[in-house]
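Input: a single structure, listed below in structure tokens.
The values are calculated or read from the model by the stated rules, or taken from the named source; none is laboratory data. All of these numbers come straight from a predicted model, not from anything done at the bench. Note that each Cβ is placed from the backbone with ideal geometry, even for glycine, and that neighbours are counted across all protein chains shown. Heavy atoms of the whole protein, side chains included, go into the accessibility calculation; ligands, DNA and RNA do not. Shrake-Rupley method; radii C 1.70, N 1.55, O 1.52, S 1.80 Å.
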Amino acid sequence: MTVGYSLGDGIATIVLDRPEVRNALNFEMCEALLAATKRAADEDARVVLVRGNGPVFCGGADLKERQGKSEPWIRERRLKAFAAYEALEALPMPCIALVHGAAIGSGVEIAGACDFVVATPEASFRTPEAQRGSVGATQRLPRILGKRLAKDLMFTGRALTAEEAREAGFVSRVVNDLDVAARDIAAAILKAPPLALRLAKRAIDTGIERDPQGAKQVEIAAIEEQLAAGQWMGKT
């Protein structure tokens, strides 16, 4: 098993689980991550937590796996990874990345696909794809960090510390204890009406891609959907 999954009390936990290779993302793990994400959606989890087993969150793509592989295999493997990231990003409920240790390449993509990132002070974030002769992490990261910082990281391969990542807007919180933070965050989310959270998430994700007038219409549509469902403040 390369990805663990559990569901309890409305909280789905997805665990990157190849600690012997720093949770390096391989073909099987891409498929398992996609399956776990779909399972969380199908089982109507209220909140999804994504974390890594072992000393790091994710050490990037499994480069050893690619040795001797054909171009079609490389292409399919990359598309599998894209599908897994996109499935995380498309989850209708809140999805939080809990990052400890290094998040490199694919690890940054996985964390960036979540709604927000909580990290320990020892966490770091690096996208060395171009330095390694590859192309990756060129789309999601600039939308979060801005293109200049994203280019700095990509061109030089340097890492952001947890605090630098927080200042840049990639990390929301830096905490000493991920378990305590996860418990508190999940408890806060579970107190909120599920429909309101889903509509708010959809409105933010959709509206930010539109101009101000279009974004306003996205929020109005969400309000209308909530009213039609008979769920608004003061009434459930």
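Considered as an equivalent ellipsoid built on the Cα gyration tensor, region 48-179 has semi-axes of 23, 17, 14 Å, the largest given first. Computed over all pairs of different Cα atoms, the Kirkwood value for the hydrodynamic radius of region 168-215 is 13.1 Å. Which part of region 73-108 falls in the paramagnetic zone of Thr206, meaning amide N under 20 Å from the point 7 Å along Cα-to-beta-carbon? Inside the label zone: 86-95. The aspartates and glutamates whose alpha-carbon is closer than 19 Å to the alpha-carbon of Lys69, local same-chain residues fewer than 8 away aside, are Glu28, Glu31, Glu129.
Of all DSSP beta bridges located in the chain, what percent are antiparallel, nearest 5? Walk me through the intermediate numbers first.
Numbers: 9 of 30 bridges.
Around 30 percent of the beta bridges assigned by DSSP in the chain are antiparallel ones.
Here the spin labels are modelled as points 7 Å beyond Cα on the Cα-Cβ line, and at Glu20 and Ala90 they lie 3.3 nm apart. Relative to the first principal axis of the alpha-carbon coordinates of the chain, what is the inclination of helix 178-191, with its axis defined by its Cα atoms, in degrees from 0 to 90 and to the nearest 10? Roughly 30 degrees, rounded to the nearest 10.
If you take the Cα centroid of region 201-215 and the Cα centroid of region 1-42, the two points sit 30 Å apart. Computed over protein heavy atoms with a 1.4 Å probe, the accessible surface of region 72-114 works out to 30 Å² per residue. Against the longest principal axis of the chain, how steep is helix 212-228, in degrees 0 to 90 to the nearest 10, with axes from Cα atoms? Result, in degrees: 60. Rg/Rh, computed from the Cα trace of region 59-130 with Rh as the Kirkwood radius, has the value 1.02. Each peptide among 74-84, 38-48, 182-192, 104-114 gets the average number of other Cβ atoms lying within 10 Å of its residues, and from highest to lowest they stand as 104-114, 38-48, 74-84, 182-192.
Translational D (Stokes-Einstein, µm²/s) of the chain at 37 °C and 0.692 mPa s when Rh comes from the Kirkwood sum over C-alpha pairs?
Rounded to a whole number, D works out at 177 µm²/s.
Kindly identify region 116-209 as rounded, prolate or oblate by the Cα gyration tensor criterion: order the square roots of the eigenvalues as a ≥ b ≥ c, call it rounded if a/c is under 1.5, otherwise compare a/b with b/c, prolate if a/b is larger, else oblate. Taking the square roots of the gyration eigenvalues as a ≥ b ≥ c, region 116-209 is oblate.
Relative to the present Cα-Cα distance, how much length would full extension add between Gln231 and Glu163 at 0.36 nm per residue of separation? Can you show the working numbers first?
Numbers: separation 68, 0.36 × 68 = 24.48 nm, distance 3.89 nm.
20.6 nm is the gain from fully extending Gln231 to Glu163.
Short-range pairs are left out: with C-alpha atoms under 8 Å and at least six residues apart, the relative contact order of region 36-113 is 52 percent. Okay, which of region 43-61 sit inside 19 Å, backbone N to the point 7 Å along the Cα-Cβ direction of Arg78? Under cut-off, by backbone N: 60-61. Taking one equal scatterer on every alpha-carbon of region 1-99, how large is log10 of I(q)/I(0) by Debye at q = 0.11, 0.21 1/Å? For region 1-99, the Cα-only Debye profile gives -0.32, -1.04.
With θ taken as phi - 60° and the Karplus curve 6.51 cos²θ - 1.76 cosθ + 1.60 applied, the whole-hertz 3J(HN,Hα) list for region 82-95 is 4, 5, 5, 4, 5, 5, 4, 5, 8, 3, x, 9, x, 9 Hz, x standing for glycine and proline.
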